Amino acid sequence: MSEVYYILDGDGTATVASESAQIHTGDAIPVRLNESKSFSTTGSGPLEFMVFGIARDMAAKQALMAAPRGNR
């Protein structure tokens, strides 16, 4: 599943694959299928975001939802 991380509040750093960038409230960070990702806060408050998952088709979504949590 591909994902988009939308920053609701805060400042931080996002690393997707080997690329890092500063992130701020209102930013959206796309992450392709199987790309590594990490987020860290650099502000005084927490980094809050909303995640949108995009499945290529219904079968892919159902397979992901049936997988054990550690494999997602």
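On the phi < 0 side of the Ramachandran plot and either of a type in the set (A, V, I, L, M) or in contact with a strand residue (DSSP E or B) (Cβ under 9 Å, 6 or more places away or on another chain) (or both), is that true of Ala17?
Taking the combined requirement at face value, the residue does not satisfy it.
Being in a strand (DSSP E or B) and surrounded by 12 or more Cβ atoms within 10 Å (Cβ to Cβ) is the filter here, so list the residues in the range 22-51 that pass it.
Ile23, His24, Ala28, Ile29, Pro30, Val31, Lys37, Phe39, Thr41, Glu48, Phe49
Determine, yes or no, whether Thr13 is polar (S, T, N, Q), without any contact (Cβ under 8 Å) to a residue 40 or more places away in the chain, out of contact with any Asp or Glu (no Cβ under 6 Å at 6 or more places or on another chain) and surrounded by 13 or more Cβ atoms within 10 Å (Cβ to Cβ).
The answer is yes for Thr13.
Does Ala59 count as of a type in the set (A, V, I, L, M) and farther than 17 Å from Tyr6 by Cα?
Judged against the criteria, Ala59 is a match.
Quick note: the coordinates plus some simple rules give every number you see, no bench work behind them. Just so you know, these numbers come straight off a predicted model, no measurement behind them. Quick reminder, even Gly has a Cβ in these numbers, built from the backbone with ideal geometry, and neighbours come from all protein chains shown.
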